[in-house]
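J.: This structure is in structure tokens; I'll ask about it shortly.
The values are calculated or read from the model by the stated rules, or taken from the named source; none is laboratory data. The shown structure was predicted, so the numbers you read here are calculated from the model rather than taken from an experiment. Note that we place each Cβ from the backbone using ideal geometry, even for glycine, and neighbour counts take in every protein chain shown. To get the accessible areas, we keep the full protein, side chains included, count just its heavy atoms, and leave off ligands, DNA and RNA. Shrake-Rupley method; radii C 1.70, N 1.55, O 1.52, S 1.80 Å.
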Amino acid sequence: MESKKARSPQRREFIARSTAVALGTMAFPGLLRAQSAKEVRVGIIHPMTGLVAYSGQHCRLGSMLAIEQINNNGGIKSLGGAKITPVLGDSQGRVEVGVAEVERMNEAGVAAYVGCYNSPVVIAATQAAAKYETPFVVDVGSSDLIVSRGLTNVFRFSPGFGQCVDTGVAALETINKDAGNPASTVVIVHESGEMGTGTSKLLMNQLPDIGLKVLDVIAHDNPARSFDNVALRLRSLKPDLVMHTGYANEYQLLARTLKRFKVPTTQFSIMGAGFGIKFLRESPDAAAYQMDVNHWYRPDDPRAQALKNEVEARKHDFVYEVFCSYNAILLLADALERAGSADKGALTESLAQSTWSDHFMPYAPTRFVNGQNEGGRAAGLQILNNQIEMIYPEQFASAKPVFPNPEFR
Amino acid sequence: MDFLLNAVVNGLMSGAIYVLVAIGLTLIYGVLHIINFAHGALLMLGMYVVFFLVTRWGLDPYLSLPLVAGAGFAVGYLLYRGVIGRFSHGKDENILLITLGLSIIFENAALFFFSAHTNIIDLDYTDDIFILGEIFIPYTKAVSFAAALVICLVLSLYISRSDLGKAIRAVAKERHGARLVGINVETVYALSYGLGIACLGAAACLLMPSYYVSPTVGHSFVLIAFTIVVLGGMGSFVGALVGGLIIGVAESVSGAFLGEQLGQIAIPIIFILVLLVKPTGLFRGAQ
């Protein structure tokens, strides 16, 4: 009884204080939203659930590893060691959810955003962030529409499909020429969204310039239940090359189906989202000799190897989503460091002036033109002897390309 | 001509898989008169079971079919007894909401426990293919086709000949009358739900050798299964079988000639035509 009486005033005091805090919060929301001097809030938006959740979860992993590293190394030094505090969001791969996350994070007082993988979500989310003049670093997002709308708050670190197609066509021309021009016909297979459609249009324009005739263009939905018909069509068309642009599941399903139907062709994809260690592990036979032009790291860089070990120790795959997001956060941290301020305007200006080179990608120092990092460059890759090897550009190559697919030579 | 023939054969093979997914749905509809919104999520769980049986215990998916179908039956029965029947209070709209809720729970639980990774099994026979002249038939699809036909036949015979089958038909036709003659309607509901999920277990075993599993994989099949059920006649086994094969062939042939994207319109066009010409579906349902 005595103890109850003793606790009573404390309870009343607690209720009174919490009411005061709640009222205060309602009256002055900015007080709570304001970032403390010792932290910089960054909104991290990726598809953690939904059809492309595998990619989104790996993007987040890369972001979080970078933030962990920055904070463990003393934070942003020019801001007195301020830590980066991630404000995490799940776009579910849906445009409206991505935009809602931008709004929510703006209320939480973020200084910048990083995200968001799916091109349609990136396009809408960056537009939403532009209203608040908040800088948005795009880690992965392939559509060139992302950087062609005149938004000054958008900074894409990795190359879009325009640059990837340019690199891919140049790589293909070199590889085909070096092999004695065995390939002269192509069928393009692409997912029907922004990434696949945009890439296929560019390829259709550019492939004839390097002497390759496009026999057919086949679009497919996401998710696709079967590629049996595509395989049958490819068998009848007999193209020397099949060029696929698609998301992970469909990429792997198509490769396995072509293998099963014994389609005698070489697969050379541009931004084949399924190309990677998981594909190699699960479908080694279908993966053999596959070529892809995509985001990749410098194979000889010890920092990349260290991150790879760290990711694998956490039982995750070291896929491009991880290292693109990781580097996007480091890019943002560099901009914060130079700006010496988490002010949105100062940070935007700092990103626009960025010449960051402390990364392990086969890129030149960053140089943003209309929001696109002109220093970014895709890499040509091939699965050889159960390893993913870089085959293009030659200066970073870890192996010579094997072309065409020797199984059908 | 070969191309057309290949497309038809391929459509029949794909259609057989759709049949297996749809037959459980039509059974549940025929008896309980509800659409089971948890169907896709339960298919996904079945596929994860097959995946783990293969990767952890090295059990072949086809050999594990009786085990997974049996487990599916048990899960379905218990799910109905423990959750759906108990909390629906006999109202159809409650059952709809409960199955919808279950699908959300299962998918998010799968996302939490298994992550969003897609998982594939690589078997010795995954890439095997029968080549008959110019016709290509993947081994895994041929097995699925044969197994689907056998399962449909066995299930039809069981429903038409066995005492439980007769009870199921009685409940499907007139639940109050069935109760009056001493049939335990709730038990029949639970057994029917269990049988429907057992079909999904079988479908999971037949799908995994040629497909992948992820927490959202059920979405790819469940909408098409709904279409088949309505096309074939809600509650009709024969309807599900014929409807599934029609949808499979229509999808394949139209995909082959109109392209993978435009080809998809064949399914809704057939669906709309059937609804216009024969709104009850191709075959009469269980009632």
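J.: Under 20 Å Cα-Cα from A:Lys308, which lysines qualify once same-chain neighbours fewer than 8 residues away are excluded?
T.: The qualifying lysines are A:Lys278.
J.: In addition: Which whole number gives the average, over all residues in B:11-21, of C-beta atoms from other chains lying within 10 Å of the residue C-beta?
T.: If you average over the peptide's residues, the count of other-chain Cβ atoms is 1.
J.: Please list, in order, the residues from segment A:333-348 whose amide nitrogen is less than 20 Å from a point placed 7 Å along the Cα→Cβ vector of A:Arg314.
T.: A:333-334
J.: Taking the alpha-carbon centroid of each part, what is the distance from segment A:330-383 to segment A:95-138 in angstrom?
T.: Taking the Cα centre of each part, segment A:330-383 and segment A:95-138 sit 18 Å apart.
J.: Which value in deg cm²/dmol, rounded to the nearest 500, describes the helix-derived mean residue ellipticity at 222 nm for chain B, given -39,500 (n - 2.57) per DSSP H run of n ≥ 4 and division by the residue count?
T.: Roughly -24000 deg cm²/dmol at 222 nm, from the helical runs in chain B.
J.: With each label point set 7 Å from Cα along the Cα-Cβ vector, what nm distance links A:Glu96 and B:Asp92?
T.: It is 2.8 nm.
J.: Just to be sure I understand: with springs between alpha-carbon atoms less than 10 Å apart, which residue in A:Glu282, A:Glu374, A:Glu68 has the highest mean-square fluctuation in the Gaussian network model of chain A?
T.: For chain A, modelled as a Gaussian network with Cα springs under 10 Å, the answer is A:Glu282.
J.: Per residue, how much accessible area does chain A have with a 1.4 Å probe, in Å²?
T.: Details: 16070 Å² over 409 residues.
Dividing the accessible area of chain A by its residue count gives 39 Å².
J.: Now, a different point. Just the number, please: percent antiparallel of the DSSP beta bridges in the protein assembly as shown, rounded to the nearest 5.
T.: Counting DSSP beta bridges with both partners in the protein assembly as shown, the antiparallel share is about 35 percent.
J.: Based on the mean of other beta carbon atoms within 10 Å per residue, what is the order of B:224-234, A:206-216, most packed first? Walk me through the numbers before you get to the answer.
T.: Values: B:224-234: 25.4, A:206-216: 15.6.
Going from most to least packed, we get B:224-234, A:206-216.
J.: Given the options B:Val154, B:Val188, B:Val171, state which has the largest fluctuation in a GNM of chain B using a 10 Å cut-off (strictly under) for Cα springs.
T.: Highest fluctuation of the listed residues: B:Val154.
J.: How about A:Lys201: which lysines have a C-alpha closer than 28 Å to its C-alpha, ignoring those fewer than 8 places off in the same chain?
T.: Partners found: A:Lys177, A:Lys213, A:Lys238, A:Lys259, A:Lys262.
J.: Using alpha carbons only, how many degrees (0 to 90, rounded to 10) separate the axis of helix B:2-32 from the longest principal axis of chain B?
T.: Taking the Cα atoms of chain B, the angle to B:2-32 is about 10 degrees.
J.: Same structure, new question: Please compute the modelled spin-label separation between B:Val185 and A:Asn205, points set 7 Å along Cα→Cβ, answer in nm with one decimal.
T.: 6.7 nm
J.: If you don't mind, there's one more thing I want to ask. How many Cβ atoms of partner chains, on average, are near each residue of B:3-10 if near means within 10 Å of its Cβ? Before the final figure, lay out the partial values.
T.: Working: counts 5, 0, 0, 8, 4, 0, 2, 6.
Mean partner-chain Cβ count within 10 Å for B:3-10: 3.
J.: Could you name the lysines whose alpha carbon sits less than 22 Å from that of A:Lys344, not counting residues in the same chain fewer than 8 places away?
T.: A:Lys38, A:Lys77, A:Lys83, A:Lys131
J.: What is the P(r) of segment B:21-218, as percent of Cα-Cα pairs per 5 Å bin from 0?
T.: Each 5 Å bin holds this share of Cα pairs: 1, 8, 15, 19, 18, 14, 11, 7, 4, 2, 1, 0.
J.: Go ahead and set up a Gaussian network model of chain A, Cα springs under 10 Å, then flag whichever of A:Met105, A:Met204, A:Met291 fluctuates most.
T.: Greatest mean-square fluctuation among the candidates belongs to A:Met204.
J.: Could you look at segment B:21-218 and say what percent of its accessible area is carbon and sulfur, using a 1.4 Å probe and all protein chains? Intermediate values should be presented prior to the final figure.
T.: On the way: 5480 of 8180 Å².
Accessible surface attributable to carbon and sulfur in segment B:21-218 totals 67 percent.
J.: Still on this structure, I have one more. Considering only protein heavy atoms, what per residue accessible area in square angstrom results for segment B:21-218 with a 1.4 angstrom probe?
T.: On the way: 8180 Å² over 198 residues.
Per-residue accessible area for segment B:21-218 comes out at 41 Å².
J.: Probe radius 1.4 Å, ligands and nucleic acids left out: can you give me the accessible area buried at the A-B interface, summed over both chains, in Å² to the nearest hundred?
T.: Summing both sides, the interface buries roughly 3200 Å².
J.: Per-residue ellipticity at 222 nm for chain A, helices alone: DSSP H runs ≥ 4 residues times -39500 (n - 2.57), over residue total, nearest 500 deg cm²/dmol?
T.: Numbers: 14 runs with 182 residues, N = 409.
Calculated at 222 nm, the ellipticity per residue is -14000 deg cm²/dmol.
J.: A follow-up question, please. Out of segment A:97-182, which trypsin sites (Lys or Arg not before Pro) are coil in DSSP terms and have no more than 16 other C-beta atoms within 10 Å?
T.: Those satisfying the criteria are A:Arg149.
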